Protein chains: 2
Amino acid sequence: MGELELIEAIRAALGPYPSRVLTGPGDDASVVRADNVLVTSIDTVVDGVHFSLATHSPADVGHKALATALSDIAAMGAGPGEAYVAVVLPPDFDGALELVEGMRDLAARHGVAMAGGDVVSGPALAITVTVTGWSGAADRLVYRSGAQPGDLLGVTGELGGSGKGLRLLNAGESAPESLVQRHRRPEPLLATGLALAAAGVTSMIDLSDGVATDAGHLARESGVLIEVRLADLPVAPGVESAEFAATAGDDYELLFTVPPDRRDAIERVAATTGTRVTWLGDVRPGGGLVEIRAPGGALVDLSGYEHL
Amino acid sequence: MGELELIEAIRAALGPYPSRVLTGPGDDASVVRADNVLVTSIDTVVDGVHFSLATHSPADVGHKALATALSDIAAMGAGPGEAYVAVVLPPDFDGALELVEGMRDLAARHGVAMAGGDVVSGPALAITVTVTGWSGAADRLVYRSGAQPGDLLGVTGELGGSGKGLRLLNAGESAPESLVQRHRRPEPLLATGLALAAAGVTSMIDLSDGVATDAGHLARESGVLIEVRLADLPVAPGVESAEFAATAGDDYELLFTVPPDRRDAIERVAATTGTRVTWLGDVRPGGGLVEIRAPGGALVDLSGYEHL
């Protein structure tokens, strides 16, 4: 398929746009009706660096590239916006349309419009996704910097499954489908992020590097100490230890802080959205650090666990 | 320089943000105060495909990647917005900071904020730029589809200089600095595009592929015939022929249509913004085609001129 044919096929696959997209691909730029505040994130993934076509189908790659970008929008508590996708295609790759279809199916489930793109040639498959989210006001969004001493630390879902799935895939071992799917097809928590923001979380981040590292971002940006109880970590079935679950990363669950008086509101959000929420730590006064504690209170050093 | 050090150096180089950028890099996503309508374009360039580090400095590459993306915003008649930049760095490349500084200097001149980015490793230098522009209303923007029979065809600046500069660079010949600069450092016409939109142009496109091809986009999207008088093409000094100037591309001037009664308004814009405007054709009823005509009216076939 030539480049122009491919672009035509992609446009046909994307189908009609929601009404806020006034002009999609085909002009010099896309035109979209705005809300008051724009939230934007850009991410690139490269074959052989961030994923492998040996273990991921083109549709998996498209899904995951978009999902991980949308996870950043979820972590801001913004509503779904648009995706703009640039793909670098190596000469021998014929999965571009399948890749875009993997994105399209995910985008459609979350009300995200794929409103523009670029297709070019290059030495390796690389995908850059720019995603937008919209909000009515900047103070409805949730930043990394809002955690306060006294807040509780909560997390959605179960941790470590994606990392375990990747480890089994890389070892060539047979892996339970649930773990492999956790790795290949993470689901961005857009609706949950919006609901958590409305319920009063004070800071939030999506778990791309693991609780140990990502709680550090909240602690540093907020200027607080965050204490994590390792024994309370929600470890995914099939994952051998809380230590692995705290460091494996790639889970794309949401880690957040919230004042104790909002705990019930958060648990109602969890029930309404069908999300598991686990309370796994506390925010204390302090200088931008994370302390991981074993039952009994001893400090746990996770620095020997390399990020997968 | 490690990746984290590089990201820190880039942030330091970018300096303070305009007030509409509420949150820059450092959170899950950037947050920007919106106008009513968002205009967005995404473009990727790859070393060895779209440019060569043999003939372009890292700062040239950064400048041009951003300039060509912003040219799409100019062609919509939108005001300057933000740039989100993802860079794939090969192992042996140490020009990343210089590349970003080339972008920053251009962005600053046009009131564009570099509000977010990503830095990853990969096999070849590749830069994806997502640029936004803002408008108070969608009907103040200019689309490819608005040309009407009876309109005049106009173009800014002089054509063919960038293509000639590239040809000389590729041949290893000494080239006049003006032509080389036209190729390495095109200037996006953001202020001119805004002013042309306000003065009533009916369709507009930036010249990336040359008049012959880009007029075809206007003709096709508008459902009209566009006639171009080859003898009236504004050929850049040092360029040998109007045929070359019509097909070389990479000029990033603006090609537009306008009703005859707006001709004076356009010429006032030209005088005010210091832009040369040349009237080089007419819009007629017809089916989406471009006719290039020699003096005397004979049809000229430019299909033998390959896009450079």
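Read-outs throughout are calculated quantities, based only on the coordinates presented, and are distinct from any laboratory measurement. The model shown is predicted, which means the values in this text are computed figures rather than measured ones. Neighbour counts run over all protein chains shown; Cβ positions are idealised from the backbone, glycine included.
Between helix A:96-110 and chain A there is an angle of about 50 degrees, using the helix long axis and the longest principal axis of the Cα atoms.
Ranked from shortest, the separations from the 7 Å Cα-to-Cβ label point of B:L289 to its equivalents in the other copies are 7.7 nm. If the segment from A:A231 to A:D139 were pulled out straight at 0.36 nm per residue, it would be longer than the present Cα-Cα gap by 29.7 nm. When +1 charges are put on Lys and Arg Cβ atoms and -1 charges on Asp and Glu Cβ atoms, the dipole computed for the protein assembly as shown relative to its Cα centre reaches about 1400 debye.
Only the Cβ atoms of Lys and Arg (+1) and of Asp and Glu (-1) were treated as charged; on that basis the dipole of the range B:143-293 about its Cα centre amounts to roughly 140 debye.
Here the simple spin-label model places points 7 Å from the Cα toward Cβ, and for A:D264 and B:V300 these points are separated by 8.0 nm. Around the amide H of A:I292, modelled in the peptide plane, lie the amide H atoms of A:V228, A:V300, all under 5 Å away and 5 or more residues distant in sequence or on another chain. The dipole here belongs to the range A:256-308: it is taken about the Cα centre, uses +1 on the Cβ of Lys and Arg and -1 on the Cβ of Asp and Glu, and is about 200 debye. Taking 7 Å steps out from each Cα toward its Cβ at A:E173 and A:S52 produces label points 1.5 nm apart.
Inter-chain neighbour count for A:16-29: the average number of beta-carbon atoms from partner chains within 10 Å of each residue's beta-carbon is 5. Between amide H atoms placed 1.01 Å from N, distances below 5 Å from B:S121 occur with B:L89, all of them 5 or more places distant or on a separate chain. For the range B:142-209, the Kirkwood hydrodynamic radius comes to 14.0 Å, computed from all pairs of different C-alpha atoms. Amide H contacts under 5 Å for A:L22: A:V31, A:V32, A:R33, restricted to partners 5 or more places along the chain or on a different chain, H placed in the peptide plane at 1.01 Å from N. How would you classify the protein assembly as shown from its alpha-carbon gyration tensor, with a ≥ b ≥ c the square roots of the eigenvalues: rounded for a/c under 1.5, else prolate if a/b is greater than b/c, otherwise oblate? Prolate.
For A:T273 and B:Q181, the FRET efficiency from 1/(1 + (r/R0)^6), where r spans their Cβ atoms and R0 equals 56 Å, is about 0.50. Taking Cα atoms, how many degrees apart are the long axis of helix A:211-222 and the longest axis of chain A, rounded to 10 and kept between 0 and 90? Tilt relative to chain A: about 80 degrees. Exposure proxy shown here: for B:W134, B:W279, the number of other Cβ atoms within 10 Å sets the order, fewest to most, as B:W279, B:W134. With each label modelled as a point 7 angstrom along the Cα→C-beta vector, the B:E8-A:F93 pair spans 3.3 nm. Compute the acute angle (0 to 90°) between the alpha-carbon long axis of helix A:3-14 and the principal axis of greatest extent of the alpha-carbon atoms of chain A; round to the nearest 10°. Orientation of helix A:3-14: about 60 degrees from the principal axis.
Across the copies of the chain, B:E98 has label points (7 Å from Cα along Cα→Cβ) spaced 4.2 nm apart, shortest distance listed first. Remark: mean inter-chain Cβ contacts per residue of B:74-87 equal 3, using a 10 Å Cβ-Cβ cutoff to other protein chain atoms.
What residue among B:A96, B:A78, B:A138 has the largest mean-square fluctuation in a Gaussian network model of chain B, using Cα springs under 10 Å? Ranking B:A96, B:A78, B:A138 by mean-square fluctuation puts B:A138 first.
Distance from the C-alpha centroid of the range A:19-86 to that of the range B:239-259: 34 Å, rounded to the whole angstrom.
Comment: the Cα-to-Cβ extended label point of B:A138, at 7 Å, lies 2.7 nm from its counterparts in the other copies, nearest first. Once you have a ≥ b ≥ c as the square roots of the Cα gyration tensor eigenvalues for the range B:68-218, tell me rounded if a/c is under 1.5, and otherwise prolate or oblate according to whether a/b is larger than b/c. The shape class here is oblate.
Note on chain B: GNM, Cα springs under 10 Å; of B:P18, B:P123, B:P285, the largest mean-square fluctuation is that of B:P123. Here the Karplus relation 6.51 cos²θ - 1.76 cosθ + 1.60, evaluated at θ = phi - 60°, turns the backbone of the range B:199-204 into coupling constants of 7, x, 5, 9, 8, 7 Hz, with x for every Gly and Pro. Simple rule: put +1 on each Lys or Arg Cβ and -1 on each Asp or Glu Cβ in the range A:110-197, find the dipole, and look at A:G157, A:Y143, A:V180; the Cα lying farthest toward the positive end is A:V180. Take the Cα of A:Q148, step 7 Å along the line toward its Cβ, and report every residue of the range A:203-217 whose backbone nitrogen sits under 19 Å from that point. What the label zone holds, given the 19 Å backbone N cut-off, is A:203-205. A simple count of charges around A:A124, restricted to other residues whose Cβ falls under 11 Å of its Cβ and scoring Lys, Arg +1 and Asp, Glu -1, yields -2. The alpha carbon gyration tensor of chain A gives principal lengths a ≥ b ≥ c with a/c of 1.5 or higher and a/b no greater than b/c, which makes the shape oblate.
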